[in-house]
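The values are calculated or read from the model by the stated rules, or taken from the named source; none is laboratory data. Everything numeric here is computed off the predicted structure, so don't read it as measured data. Glycine gets a Cβ as well: all are built from the backbone with ideal geometry, and neighbour counts include every protein chain shown.
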Amino acid sequence: MNSIEKARSISIWIFIVPFVAVNICLILVTQFHSLFPNQTDILHNTIPYFDGGASISRTARPYPSWLVFKPAMFLTSYLLIRYWLFNKDIIKYFKVDHKNLKKIVFFGIASAVALAVHSIFLGIKFDNDLYKLFRRVIMLSFIVFEIVAQAYLVATFWSFKEKLKDHINPIVLNLKIILVSILIIVAIISIPIVSLPGDDFFGIQLKFLKHALEWDYFIGVITFYLLTFFMWKKIN
């Protein structure tokens, strides 16, 4: 089936493009200080996946980092839309009237749109509380829509896994279910942490914890697409 091969091919790029872009931004801002006109933008000695030394947006919004980040996120948004439409075709092929079909397409495309909108406004400074709230809502919307779409998709594939047995590696489908379950649990646990005001809570440096969580959660979200690549069997 053509849509299966297309979904498989595009999924690896949905992992590679944002992963490479975000880490290039991190390398630029921590290692190539002379490229930054404003030296307050540079960072020293941080691996935020572990120490939470900076947020993703902190490394991506200064010039020239955003020259890498924004195009990469726009490309990722486009690839995401194509990915979810390919999955729509796959589901319709095996079960044309599946109850989750419209939900998958809605939340999947909505996550791509939210990512594009977030990228547009990244780095634009506007000292207004409503604007700051808008940016947070857009970023949260991307995460929520993405996880909901992923959850519906794996649940849908699981519901007719017998029909898919000649097309998928069932072990990888199980791994995807485990991954999405972990992402949901972590999101639920993290809500109180992220919502806490200030940067210190009983001696715990919340800022660094939030940043590390952001980087690691980002890896978890895009790993879903890496697993997609390995889940579908290559069509000979």
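Each row is one residue, and each column tells you yes or no for (1) surrounded by 17 or more Cβ atoms within 10 Å (Cβ to Cβ); (2) in contact (Cβ under 8 Å) with a residue 12 or more places away in the chain; (3) outside any helix (DSSP H, G or I); (4) not aliphatic (A, V, I, L, M).
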site	(1), (2), (3), (4)
Trp84	yes, yes, no, yes
Val105	yes, yes, no, no
Leu130	no, no, no, no
Met139	yes, yes, no, no
Phe142	yes, yes, no, yes
Ile147	yes, yes, no, no
Hits in the stretch 179-236 (condition: modelled with pLDDT of 70 or more, surrounded by 13 or more Cβ atoms within 10 Å (Cβ to Cβ) and not in a helix (DSSP H, G or I)): Trp232, Lys233
Condition check for Asp51: over 23 Å from Val17 (Cα atoms) and within 23 Å of the chain's Cα centre (by Cα): yes
Pairs with Cβ under 6 Å, 6+ apart, first in the stretch 162-183 and under 14 Å from Tyr217 (Cα atoms), second polar (S, T, N, Q): Val180/Gln150
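The rows are residues; the columns are (1) in a helix (DSSP H, G or I); (2) free of Cβ contacts under 8 Å to residues at least 60 places away in the same chain.
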{"position": "Cys25", "(1), (2)": "yes, yes"}
{"position": "Gly53", "(1), (2)": "no, no"}
{"position": "Ala72", "(1), (2)": "yes, yes"}
{"position": "Leu79", "(1), (2)": "yes, no"}
Restricting the stretch 1-29 to residues that are more than 18 Å from the chain's Cα centre (by Cα) and closer than 19 Å to Lys70 by Cα, the residue that is surrounded by the fewest Cβ atoms within 10 Å (Cβ to Cβ): Ile27
Residue count for the stretch 131-162, restricted to those that are among the charged types (D, E, K, R) and either in contact with a Lys or Arg (Cβ under 7 Å, 6 or more places away or on another chain) or modelled with pLDDT of 85 or more (or both): 3
Search result, residues across the stretch 90-123 that are under 13 Å from Thr156 (Cα atoms) and touching a helix residue (DSSP H, G or I) at 6+ places or on another chain (Cβ under 6 Å): Ile90, Ile91, Phe94, His98, Asn100, Leu101, Lys103, Ile104, Val105
